[in-house]
Amino acid sequence: MTAVTTQVAPSQSERFTAAVIKEFSSNNGAVTITPFQKKLCQNYFIKIDQTLKDAEKKRLAKSPDVRDALSLSWENVNMSKLAVDVIAFSSVELDPTQPNHINMIPYKNTANNKYDMGFVIGYRGMELKAKKYGLEVPTDVVVELVYSNDTFKQYKKDRNNEVESYDFIITDNFNRGEVVGGFWYHEFEDFPTKNKLKVFSLKDIEKRKPKYASVEFWGGEKDKWVFDPGTGKNKKEGKEKIEGWSEEMYLKTISRNAFNAITIDSKKIDDNYLAIIQKESEMKDAIVQNEVIANANKSSLDFDEAEVVEDEVKQISETIPTPVPEEQEIMQPEFEEAQQPAEEGPKF
């Protein structure tokens, strides 16, 4: 009796990965990717697919007179650029389905009437990049906030003290007071004389606050809008205080600084690293010249991504949804849903 072999059709994410490799190879020569990088490419499809769907919902919600005529769909994505970007970022093992690794923002390229995908690296992504390309990578990176009821003292390196260090004592776990500052510490287990401590006052942290930071993240006051039945429109009625997530923003601001402080080893720099640097520069230029789809990743915009993007574009800070802590962000169902076969999807 002959066994019947059932051929399983490749999923959309698998077809996307194949399309990325084909597109990249046609313009840049043959490329070989690892099984893990192949999996990451599929994750990029999942995240970008959901980002496009969210952005398209937002586009359709606008009135026709202000709505961009170009739909946010796969056929309108600049695939040649996307292929290069996905290969580069996946090579550094940045996973868009993991919190604080990397996020994508579509923006319209008026030169070719296509949507390019901007890539924003989170602080965990910066950590991975630093560990892969760093000249002297610390054994451990400690990042902490210091509160008014804590005890903190730093010990600078001098002729009497070979190792830079600190004392940090939390005197009351449940009443630490107000944030007064923070610090990061690079620890080298085998070479403790290389240990480095950087201390931030609260003023130092807030100095790094983006110019157009959203109060939903950093806290503060914003205009209060209420519905006016007489006019059928919303009208401004004073101010309202927003608590925000300032402590999380402070901590992540210090984290970004800690990983940015790790010197890159020029001997480790490869084509993928150079591509990432180029893409980051391209995105900043494109944001200035093109319309950014501000609510593209409305359902999953993280603290880091909001911070970076708001620093570049004012309109994003005006439309960011109220965030929730990472522990409460249940993103997996969205990814699983995106993987389900659909009647219509991208033609890869």
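The values are calculated or read from the model by the stated rules, or taken from the named source; none is laboratory data. Bear in mind the structure is a predicted one, so any value in this text is a computation, not a measurement. Cβ placement follows ideal geometry from the backbone for every residue including glycine, while neighbour counts extend to all protein chains displayed. For accessibility, only protein heavy atoms count, side chains too; no ligands or nucleic acids. Shrake-Rupley method; radii C 1.70, N 1.55, O 1.52, S 1.80 Å.
Give me the percent of accessible area attributable to carbon and sulfur for the range 176-282, probe 1.4 angstrom.
47
Residues with amide H under 5 Å of Ile242's amide H, sequence separation 5 or more or different chain, H placed in the peptide plane at 1.01 Å from N; which?
Hits under the 5 Å cutoff: Gly220, Glu221, Lys222.
With Cβ to Cβ distances under 13 Å as the rule, what net charge do the other residues near Phe227 carry (K, R +1; D, E -1)?
+2
Please compute P(r) over all alpha-carbon pairs of the range 5-116, binned at 5 Å starting from zero, and give each bin as a whole-number percent.
2, 11, 20, 22, 19, 13, 8, 4, 2, 0, 0
Would you give the gap between the C-alpha center of the range 178-196 and the C-alpha center of the range 251-285, rounded to a whole Å?
21
Take each of the peptides 187-196, 134-143, average the number of other beta-carbon atoms within 10 Å over its residues, and list them starting from the highest.
Numbers: 187-196: 13.3, 134-143: 15.2.
Packing order, densest peptide first, comes out as 134-143, 187-196.
With +1 assigned to the C-beta of every Lys and Arg and -1 to the C-beta of every Asp and Glu, and no other charges, what is the dipole magnitude of the range 113-249 about the Cα centre in debye, to the nearest 20?
Dipole about the Cα centre, nearest 20: 760 debye.
Compute the signed sum of charges (Lys and Arg +1, Asp and Glu -1) over the other residues within less than 12 Å, Cβ to Cβ, of Lys156.
+2
Over the range 146-233, consider all pairs of different Cα atoms and compute the Kirkwood hydrodynamic radius from their mean reciprocal separation; express it in Å, one decimal.
Numbers: mean 1/r = 0.0597 Å⁻¹.
After inverting the pairwise mean of 1/r, the radius is 16.7 Å.
With θ set to phi - 60° and the Karplus curve 6.51 cos²θ - 1.76 cosθ + 1.60, what are the ³J(HN,Hα) couplings of the range 63-72 in order, to the nearest whole Hz, using x for Gly and Pro?
With the stated coefficients, the range 63-72 comes to 5, x, 6, 10, 6, 5, 6, 7, 6, 8 Hz.
Using a 10 Å cut-off on Cβ atoms, rank the peptides 239-246, 71-78, 86-93 from the highest mean neighbour count down.
Values: 239-246: 14.2, 71-78: 16.4, 86-93: 23.2.
The packing order, highest mean first, is 86-93, 71-78, 239-246.
How much length, in nm to one decimal, is gained on full extension between Ser25 and Val142, taken as 0.36 nm per residue of separation minus their Cα-Cα distance?
Contour length minus Cα-Cα distance gives 38.0 nm.
Semi-axes of the equivalent ellipsoid for the range 96-191, please: Cα gyration tensor eigenvalues, times 5, square-rooted, ordered largest first, whole Å.
Over the Cα atoms of the range 96-191, the ellipsoid semi-axes are 38, 21, 11 Å.
Can you list residues whose amide H is under 5 Å from Ile264's amide H, if they're 5+ apart or on another chain and H is modeled 1.01 Å from N?
Answer set, sorted by chain and number: Leu135.
If you average the C-alpha positions of the range 48-104 and of the range 132-158 separately, how far apart do those two centres end up, in angstrom?
If we compute the Cα centre of each part, the gap is 36 Å.
Which order do Met249, Met79 take when ranked by solvent-accessible area (1.4 Å probe, heavy atoms of all protein chains), largest first?
Met79, Met249
Under a 5 Å amide H to amide H cut-off, with H placed in plane at 1.01 Å, what residues pair with Gly118 once short-range neighbours are removed?
Ile105, Tyr107
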